[in-house]
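Notes to accompany the following structure.
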Amino acid sequence: MAPAGKVSEFYREGNDWYCCTGLPSDIIVTVEDINFHLHKFPLISKCGKIARLCEESQSTHKKTFVTKLDEFPGGPSSFLIAAKFCYGIRVEMSPRNIVMVYCAAHYLEMTNEYGEGNLVSKSESFFHKNVLRNWKDCILALQSSEPVLPWAEKLQILSKCLNALSMMVCTDPSLFGWPMMMYGSLQSPGGSILWNGINTGARIRSTESDWWFEDISYLSVGLFERLIKTMEARGIRPENLAGAIMYYARKYLPGLGRWQGGQTGSTRTFTSFSLIPTSVNQEIQKVLLESIEKLLPEKKVKSFCRFLLGLLRVGLILGVNETCTNSLERRIGMQLELATLDSLLIPSYSDSDTLYNTDCVERIVHHFMSSESTIAAFSPASLDQETSPSSAPLRKVAKLIDNYIAEVASDVNLKPRKIRSLAVALPESSRPLHDGLYRALDIYFKAHPWLSEKDKEELCNIIDYQKLSIDACAHASQNERLPLRIVLQVLFFEQIQLRTALAGCLHVLDTESAPAGPVTVPTDMAGQIVQRDGWVTVVRENQVLKVDMERMRSRVVELEQEFCKIRTEMKRVTKSHSSLSSPRLVAKKFGCRLLPRPSDAQPDTIESTEHTPRASVEQPQSSRHSRHRKSFSLF
């Protein structure tokens, strides 16, 4: 029995739906596991598919016709709406059910051929006039299309929604005034806009270009990917697309939270959204990251480079495929000059003993060296100008890698070959000064006191000691962690630098009172020189120059005295060995050349080539350190 008062209504008992018209049912339609006990006449008058099925079954002469609708779009809920429509019951269409109703109407062939104003035309009219003109409704309709994607694709519902959303993103309503046909039915939670005193029902959009990021983040990764590609085809700026992708990735990849950079701003959340994104497991995150990587545009912005490094870090944790990892490394390498040290410190998530993934960083550096901008920096025009804009990224990366090596150098499990491969990954011309490289090696030697002299010398060979600053040379000349041969080289080049600096200062003092053309003087030794009205003016005061000159003279004298003491010590040691006859040969043996002096009548001759034992040389070296220890340190 039907419940009282339920005339021409539907009610449910278990897995069965009934229509309480007072007439016995003569057709049973099964959708999935739900049975609908209905009447033929209302259905065949509106549904072409049901009419055809009933006509085909008339030969059976059964009183009740039973049929099953396989793969019905939307399931029992959408069929119930179609059945109610056939019985003349008013149905409520909304953005959440319009796609399923639209697909169900086409499945049942409820066209105008079987009655004017049938469900196909009704749903199609609602979809075009209401949904496609409203941003929020279009998002909701796109969300609800997930269960019926094949049908929505076939009926071009997806493409229409995607194109409508892309158009709304491309068009800024504030540029045109109101009302606009496309935006006229927008509902605003904060109020409506008036046009000549008429309530348009439209909401006020934010003038920011990211107002739509939050809304589209409720879409599944498949729909989001299709929407981004549609927007790209529409000509939306790559930086806006990148912002939307970054927003989406940070929402569903918790590991990226560290790289959000304190994201602030007003929250743009639709409280009417019922399809709230849920937490995703690791496998889904892996697929999500691989999909996001394919959508990323080629963009060079500091925040975007940091985002890419965050993606790479999360990708290594999730174990994404090699293609995705290589692509991320290539993208990072193309803009490595924008990276920061903290974002480049990628932990080692494998079974490796090292703390940081230096192999990954080395591959990124190789990608940087093979990028077009880096190749342009090695053009003849760029090589002639050390301050050329095209070579600036190369110098930035060299400084970054030097700092990176210094940061990872304290890892006791880091091998010398890895330090060397990182250092030589960049060309020698990328480093105007080798102070950073020297500092990194000094930290490495301090953390690895067990290194052999051979390993130390091999690492020290990557440093060009002529590119060390005076302060770095002073520090290296007293560094007990460096091999003796390296210390002698440093002392030699430090003496040359001081002599050159002293000569430069004297040249400035000689030319300060005389008119001259443009004069080139080292700026870090003589100050900034300004040419004005054909005269050369030294910006620094003469008194400061004199004080600096006196200091350099004192340092030169001090170095000469120290060098003489070393020569004396070495002569004393080598007297007991008949194989050596000259301290000049000892200096040459350690990779150092002595400056020629007027008092030297002839170059020293070599009487024997027998090597001096290492132990006998190291002893005077340590005594030199104890007698000439300086109180300052560069680092």
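Values for this structure:
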item: Residue within the stretch 75-84 that is at positive phi and open to solvent by less than 10 Å² (accessible area, probe 1.4 Å) present; result: yes
item: Residue match in the stretch 412-420 (condition: hydrophobic (A, V, I, L, M, F, W, C), in a helix (DSSP H, G or I) and touching a Ser or Thr at 6+ places or on another chain (Cβ under 8 Å)); result: no
item: Boolean, ASP442 is open to solvent by 30 Å² or more (accessible area, probe 1.4 Å) and in a helix (DSSP H, G or I); result: no
item: Residue in the stretch 53-73 that is basic (Lys, Arg) and either in contact with a Gly (Cβ under 7 Å, 6 or more places away or on another chain) or buried (at least 17 other Cβ atoms within 10 Å of the Cβ) (or both) present; result: no
item: Single residue of LYS446, LYS456 found to be in contact with a Pro (Cβ under 7 Å, 6 or more places away or on another chain) and farther than 20 Å from ASP342 by Cβ; result: LYS456
item: Any hit, the stretch 38-58, residues being outside any helix (DSSP H, G or I) and in contact with a Lys or Arg (Cβ under 8 Å, 6 or more places away or on another chain); result: no
item: Single match in MET93, MET110 (criterion: touching a residue at least 60 places away in the same chain (Cβ under 8 Å) and not in a helix (DSSP H, G or I)); result: MET110
item: Inter-residue pairs, beta-carbon under 8 Å, first open to solvent by less than 50 Å² (accessible area, probe 1.4 Å) and in the stretch 122-137, second polar (S, T, N, Q) and part of a helix (DSSP H, G or I), 6+ apart; result: ASP137/ASN130
item: Within the stretch 474-483, considering residues that are in a helix (DSSP H, G or I) and either in contact with a Cys (Cβ under 7 Å, 6 or more places away or on another chain) or at pLDDT 85 or above (or both), the one least open to solvent (accessible area, probe 1.4 Å); result: ALA476
item: Hits in the stretch 538-580 (condition: over 52 Å from the mean Cα position of the chain (by Cα), buried (at least 17 other Cβ atoms within 10 Å of the Cβ) and modelled with pLDDT under 75); result: VAL573, THR574, LEU580
item: Any hit, the stretch 259-280, residues being modelled with pLDDT of 80 or more, farther than 25 Å from VAL148 by Cβ, open to solvent by 40 Å² or more (accessible area, probe 1.4 Å) and in contact with a helix residue (DSSP H, G or I) (Cβ under 8 Å, 6 or more places away or on another chain); result: no
item: Residue list for the stretch 150-160, restricted to those being part of a helix (DSSP H, G or I) and surrounded by 17 or more Cβ atoms within 10 Å (Cβ to Cβ); result: TRP151, ALA152, ILE157, LEU158, LYS160
item: Residue within the stretch 107-114 that is farther than 29 Å from GLN143 by Cβ and touching a Lys or Arg at 6+ places or on another chain (Cβ under 9 Å) present; result: yes
item: Leading residue by the ranking (most open to solvent (accessible area, probe 1.4 Å)) among those in the stretch 445-473 that are under 22 Å from GLU428 (Cα atoms) and small (Gly, Ala, Ser); result: SER469
item: The stretch 416-439: number of residues that are farther than 26 Å from THR500 by Cβ and either touching a Cys at 6+ places or on another chain (Cβ under 6 Å) or open to solvent by less than 50 Å² (accessible area, probe 1.4 Å) (or both); result: 8
item: Close pairs from the stretch 274-293: first farther than 18 Å from LEU309 by Cα and in a helix (DSSP H, G or I), partner modelled with pLDDT of 60 or more and open to solvent by less than 40 Å² (accessible area, probe 1.4 Å), Cβ under 7 Å, at least 6 apart; result: GLN282/LEU318
item: Qualifying residue in the stretch 127-148 (condition: hydroxyl-bearing (Ser, Thr, Tyr) and in a helix (DSSP H, G or I)); result: yes
item: Yes/no for SER371 being modelled with pLDDT under 90 and either closer than 12 Å to VAL397 by Cβ or aromatic (Phe, Trp, Tyr) (or both); result: yes
item: Complete set of residues in the stretch 1-19 that are over 16 Å from ARG90 (Cα atoms), modelled with pLDDT of 55 or more and part of a loop (DSSP other than H, G, I, E, B); result: GLY14, ASN15
item: Subset of the stretch 213-229 (residues that are open to solvent by 10 Å² or more (accessible area, probe 1.4 Å) and within 16 Å of TRP135 (Cα to Cα)); result: PHE213, GLU214, TYR218
item: Output for the stretch 320-367, where each listed residue is more than 20 Å from ALA425 (Cα to Cα), open to solvent by 40 Å² or more (accessible area, probe 1.4 Å) and part of a loop (DSSP other than H, G, I, E, B); result: ASN321, TYR349, SER350, ASP351, SER352, ASP353, LEU355
item: Considering residues of the stretch 88-99 that are surrounded by fewer than 20 Cβ atoms within 10 Å (Cβ to Cβ) and touching a Lys or Arg at 6+ places or on another chain (Cβ under 9 Å) only, the residue farthest from LEU140 (Cα to Cα); result: ARG90
item: Residue check for GLU298: open to solvent by 10 Å² or more (accessible area, probe 1.4 Å), among the acidic types (Asp, Glu) and at pLDDT below 90; result: yes
item: Number of positions in the stretch 11-39 that are open to solvent by 60 Å² or more (accessible area, probe 1.4 Å) and in contact with a strand residue (DSSP E or B) (Cβ under 8 Å, 6 or more places away or on another chain); result: 3
item: Options LEU43, LEU119: the member that is out of contact with any Gly (no Cβ under 6 Å at 6 or more places or on another chain), touching a residue at least 60 places away in the same chain (Cβ under 8 Å) and crowded, with 20+ Cβ neighbours inside 10 Å; result: LEU119
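The values are calculated or read from the model by the stated rules, or taken from the named source; none is laboratory data. None of the values given here were measured: they were computed from a predicted structure. Please note: Cβ atoms are built from the backbone with ideal geometry, for glycine as well, and neighbour counts cover all protein chains shown. When the accessible area is computed, the model is the full protein with side chains, heavy atoms only, and any ligands, DNA or RNA have been set aside. Shrake-Rupley method; radii C 1.70, N 1.55, O 1.52, S 1.80 Å.
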